[in-house]
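The block underneath contains the structure these notes are about, expressed in structure tokens.
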Amino acid sequence: MSEQNHPMTVGGKDVHTVDTFGVHNPATGRVFAQAPDCSPAQLDDAVQAAADAFPLWRDDMDARRSALLAAAARIEESAEELVTLLTLEQGKPLADARFEVMVTAMTLRGTAALDVPREVIRDDEERIEVLHQPMGVVAAITPWNVPLIQAAMKFAPALLAGNTVVLKPSPFTPLSSLALGVVLRDVLPPGVLNVISGRDPLGAQLAEHPLVRKVTFTGSVATGKHVAASAAPDLKRITLELGGNDAGILLDDVDLDAMAEKLFWGAFVNCGQICAAMKRLYVPRARYTEVVDALADRARSVQVGDGMLPGVQMGPLATAPQFARVQELVSDALAGGATAAAGGRRLDGDGYFFAPTILRDLEDGVRVVDEEQFGPVLPVIPYDDVEEAVARANGTHFGLDGSVWSADPERAAAVAARLECGTSWVNTHGMPAPGVSFSGHKWSGLGVANGLAGLLSYTETKVLHVVRGR
Ligand code: NAD
């Protein structure tokens, strides 16, 4: 057995694997740890452990609620260990990793405050009730951008609803989720939350496993379509949270001094690697240069570096393929006539560092505008009238979020309401409110996360119809 200090959690116990794979620190580009590479037999064990834990777990809502609250407290107690692993494997600055761990605990608490409703339709000579019952084993598959928040958004509602879970993080960022599995062992009964890791095709094997009744997946559109197709033969339930190409639209009256900072971070938060980050910005032609300059000033002033170092505001891209993709999209735009008002190039040294980039002099039809770049690059595109900007924002298969910016919030709200996406913001971008539904329209997803709708998505609806007397 290879040496591993990051065991999987199956049935509440350490599980080691014969094979391992290297986890890279994106700030150095070098492997700094080995993660377990789960075998097919160990995957069976994990799913079986979840199935075995289900009958006891499903019946006691109060116990589940208490366990989630205890889990939130354990996460806070273990914050520094989780924060360090997050920064080392994902690249985000320590302050951002701390924020992620805090939001993870908040997600558990917010979920624990929800109730699975029990609706009595009638109660006289007949009683008709609508119940929402757990499904069984839920497979939770997460991406590498915010691994702990993504995990919590899935396992917290799945567990509260009475299901048991097998969590599989991205092979790029497995360590923080594996550590979470260890940290939560003394507050969750064995088998209720199992955490496994491995190179793909582990994700597909888990999603297709015959004992899994629901797959909750966050990741790219392409993989999401595979998950949907693989769920079909068994009619597994699915929730898909997929990619986005969020548009921001500035109206002509926007107060740039007041908004520039928020606009900038709406696109560059987490080095641009957030599904709900602004990925393209439409600006009235009369204000184009002013807006580009304000954003470029901020891009140049950002402290980019190893997230472990104090004062760093933006880390590297999280993975080598993502780093290559961002370089490719920016090179393509520059070759096609766009100008980098700031950045436009990788930074010297090891690691996946890319200069925060503002691109100007480009239109729809350029790849970095039409595709999801998922990196520290914002294309700024001029428009002539608002109708045209709305049409361009909507003219895509994506439909995750969008934002409209104006000195008159109600005027902006009227425009924002017409964006074809799951969330439309006014004068902000990418700050989902706790407990509020989050969903993608069109190719950005299927189903709803968070809030009551998210909780109910981990249940089957059942009618209990009792005829009293004859
Ligand atoms: P990805 O699709 O490559 O991988 C996501 C996960 O799926 C990983 O754990 C991977 O191992 C697993 N996987 C791979 N093939 C699979 C298969 N056939 N069946 C089941 N699982 C499989 O995505 P990524 O590169 O890790 O993440 C980036 C993408 O995630 C971006 O497109 C981003 O927009 C999206 N994202 C969406 C949201 C949202 O809430 N809508 C949030 C964060 C990220």
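Among 345, 185, the ranking by other beta carbons within 10 Å of each residue's beta carbon, starting with the fewest, stands as 345, 185.
Quick check: the distance between the Cα centres of the stretch 443-461 and the stretch 307-351, to the nearest angstrom? Spelled out, the Cα-based centre of one part sits 35 Å from the other.
Sorting 436-448, 131-143 by average packing, meaning the other beta carbons within 10 Å per residue, from highest down gives 131-143, 436-448.
In terms of the mean number of neighbouring beta-carbon atoms within 10 Å, the peptides 452-459, 390-397 order highest first as 452-459, 390-397.
Relative contact order of the chain, taken over Cα pairs closer than 8 Å and 6 or more residues apart, is 19 percent. For the stretch 104-142, trypsin sites (Lys or Arg not before Pro) are listed when DSSP marks them as loop and at most 14 other Cβ atoms sit within 10 Å of their Cβ; the list is 118. In whole Å, how far is the Cα centre of the stretch 137-163 from that of the stretch 1-73? Using only Cα atoms to place each centre, the spacing works out to 13 Å. From the alpha carbon centroid of the stretch 173-234 to that of the stretch 367-439 is 31 Å.
Considering only the other residues whose Cβ falls under 14 Å of the Cβ of residue 193, what net charge follows from Lys and Arg at +1 and Asp and Glu at -1?
In short, +4.
Inter-label distance, residue 113 to residue 388: 4.5 nm, where each label sits 7 Å from its Cα along the C-beta direction.
Note on residue 31 and residue 437: their simple-model spin labels are 4.6 nm apart, each label 7 Å out from Cα toward Cβ. Amide hydrogen proximity for residue 425: with H placed 1.01 Å from N in the peptide plane, the residues at 5 or more positions away or on another chain lying under 5 Å are 402, 403, 404. Close amide H contacts of residue 131 (hydrogens built in the peptide plane, cut-off under 5 Å, sequence separation of 5 or more or a different chain): 462, 463, 464. A compact globular protein would have a Cα radius of gyration near 2.2 N^0.38 Å; the ratio found for the stretch 113-262 is 1.33. Each of the peptides 13-22, 94-103 was scored by the mean count of other Cβ atoms within 10 Å over its residues; in descending order, highest first, they stand as 94-103, 13-22. Charged side chains reduced to their Cβ positions (Lys and Arg at +1, Asp and Glu at -1) give the chain a dipole of some 820 debye around its Cα centre. What percent of all Cα-Cα pairs in the stretch 246-434 falls into each 10 Å bin, going from 0 up to the bin containing the maximum distance? Taking every Cα pair in the stretch 246-434, the percentages come to 10, 40, 37, 12, 1. Structural descriptor for the stretch 83-160: relative contact order 32 percent, calculated from alpha carbon pairs under 8 angstrom and at least 6 residues apart. Rounded to the nearest 10 degrees, the inclination of helix 256-268 to the longest alpha-carbon principal axis of the chain is 50 degrees. Remark: relative contact order (the stretch 246-434) = 29 percent; criterion is Cα-Cα distance under 8 angstrom and separation of 6 or more residues.
Values of log10 I(q)/I(0) for the stretch 367-470 across q = 0.14, 0.21 Å⁻¹ run -0.67, -1.25, by the Debye formula with one identical scatterer at each alpha carbon and no solvent.
Reported value for the chain: 151 Å³ per residue, from the convex hull of its C-alpha atoms. Only one residue of 308, 339, 267 has its Cα farthest out toward the positive end of the dipole of the stretch 246-434, where Lys and Arg carry +1 and Asp and Glu -1 on Cβ, and that residue is 308.
For the pair residue 124 and residue 220 in one chain, pulling the backbone fully straight at 0.36 nm per residue adds 29.6 nm over the alpha carbon distance.
None of the figures in this text is laboratory data; all of them are computed from the coordinates on show. Computed from a prediction, not measured in an experiment: that's the story for all the values here. Positions of Cβ are generated from backbone atoms using ideal geometry, with glycine treated the same way; all protein chains shown enter the neighbour counts.
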